[in-house]
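This report refers to the structure that appears directly beneath it.
Values in this text are rule-based calculations from the coordinates and carry no lab data. Keep in mind the model is a prediction, meaning the values are calculated, not measured. For neighbour counting, all protein chains shown are included, and Cβ atoms are generated from backbone atoms with ideal geometry for every residue, glycine included.
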Amino acid sequence: MSFGLQFINAGGAVTLDSEFSRLSVIYAGAYAPTEESGLGSTTTFPAPITTQEPPLVFLRPTTVVGVAVISLVRVNGSPGNWTGFYVRTESVNTAQPNGKYFAAVFASKLAATFGLRIWDGSANLLFDNGSQAAVFTRAYQNWTFKNSVLLSDGVNYRNTYAVPTSFPDGEYILANTFGMPMVAGNVMGRQLGNRWDFTAGEMQAYTTATSNPRAFYLPALFAKLTA
Amino acid sequence: MSFGMRIWGADGALQIDETSFTMRVVLSVVVLNSGFPTRQSYQTFSVPGITTSNAIAVVIPIDAYTSTATQFETELLSDSVRVYNYLRGYAGTNISNATSMRLLVIRFQ
């Protein structure tokens, strides 16, 4: 970079500069049960998000006694017109889908009437302090295998994987990946979910299939809205 | 704070300070199922400078899909990302049947 502005944090990493747009929060709010007897939740954005890429949806289930589940996540809409998202809990034995969300894209928007705004050399808006940058907290390239259990239906196996967490306040997980099933030992694939076991103090991913491989490489990304 | 920059939101909450890491996209591309050269194979995308400790690669759905669609798999290596249409480390012969997905490589350090 030969000109502009660069902000380097105490760890030596570039936090903001006039080269690249950051993951910026477009909408933040709460999600709640809307359908399927309280098991499913559809959230509509205040206005459609107009990027080609689907927005990244980050979710933070409400802390409960027991387990909250993020599964069957789907971003509704189409390129240039993303209207909202859907998330479902697992069953009546897990908490209903309640929590906080934010939707973010790799672009900024004119929002603030005062403060700081950064453009790149081609006059693209990179940062506007009214369009908040999401703050990275941690990432995992994979999860640790925990166990494989034959379910009571006698045909499906559930594999469970864990990552360490203490469920820090205000930390969200990237949810877009917890939707489409993954490749399994049969054509049907394996269903996928994310369990927040607040009681056991463990963050889990699980897969369910009749032929369920142990290999599991789904990345996990965590972020928050405040410094 | 002895140096650096802090940004507060209109609600008074501190959004970024000298300890914050943000995320930027270093590659965003649609990966087509038709681009896999053989039945079980991968496509490689060059991204200079990435390692497993400074970046993450995710594939996200971009279309409506059926309940039996299966997603691609990613592997982040030094300076490149592989997108697989099968489950590496497993002897099964099945392949992902998603038509296309968007690969995002995100740098956080």
Compactness relative to 2.2 N^0.38 Å, alpha carbon Rg of the stretch A:1-82: 1.52
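About its Cα centre, how strong a charge dipole does the stretch A:83-195 have in debye, to the nearest 20, once Lys and Arg get +1 and Asp and Glu get -1 at the Cβ?
On the way: 9 positive and 6 negative charges, 33 e Å.
Dipole of the stretch A:83-195, to the nearest 20 debye: 160 debye.
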Radius of gyration and maximum dimension Dmax of the stretch A:93-155, Cα, Å: 21.1, 62
Selected from A:156, B:25, A:23, residue furthest toward positive end of dipole (the protein assembly as shown; charges at beta carbon): A:156
Positive-end residue, the stretch A:71-221 charge dipole about Cα centroid, Cβ charges, pick of A:170, A:93, A:136: A:93
Average projected area [Cα convex hull, the stretch B:24-109], square nanometres: 5.8
Radius of gyration and maximum dimension Dmax of chain A, Cα, Å: 19.2, 64
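Calculate, for residue A:152 and residue A:210, the FRET efficiency according to 1/(1 + (r/R0)^6) with r their C-beta to C-beta distance and R0 22 Å; round to the nearest 0.05. Provide the component values of the computation, followed by the final result.
Details: r = 14 Å, r/R0 = 0.63.
So the FRET efficiency works out to roughly 0.95.
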Size descriptor, Kirkwood hydrodynamic radius, that averages inverse alpha-carbon separations across the stretch A:61-125, Å: 15.3
Local net charge near residue B:97, Cβ-Cβ under 15 Å (Lys/Arg +1, Asp/Glu -1): 0
The stretch A:10-158 - charge dipole about Cα centre, Lys and Arg +1 at Cβ, Asp and Glu -1, debye rounded to 20: 260
Histogram of C-alpha separations across the stretch A:118-195, 5 Å bin width, %: 3, 9, 14, 18, 14, 10, 10, 7, 6, 4, 2, 1, 0
Between the stretch A:117-147 and the stretch A:186-227, the alpha-carbon center distance in angstrom: 22
Given charges at Cβ of Lys, Arg, Asp, Glu: chain B dipole, positive-most of B:15, B:5, B:72: B:72
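If you put +1 on each Lys and Arg Cβ and -1 on each Asp and Glu Cβ, how big is the dipole of the protein assembly as shown around its Cα centre, in Debye rounded to 20?
Working: 21 positive and 20 negative charges, 89 e Å.
It works out to roughly 420 debye.
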Along each principal axis, Cα extent of the stretch B:15-69, largest first, Å: 47, 28, 15
Alpha carbon centroid spacing (whole Å) that separates the stretch A:8-84 from the stretch B:31-59: 24
Residue among A:87, A:155, A:25 with the largest mean-square fluctuation in a Gaussian network model of chain A, springs linking Cα atoms under 10 Å: A:155
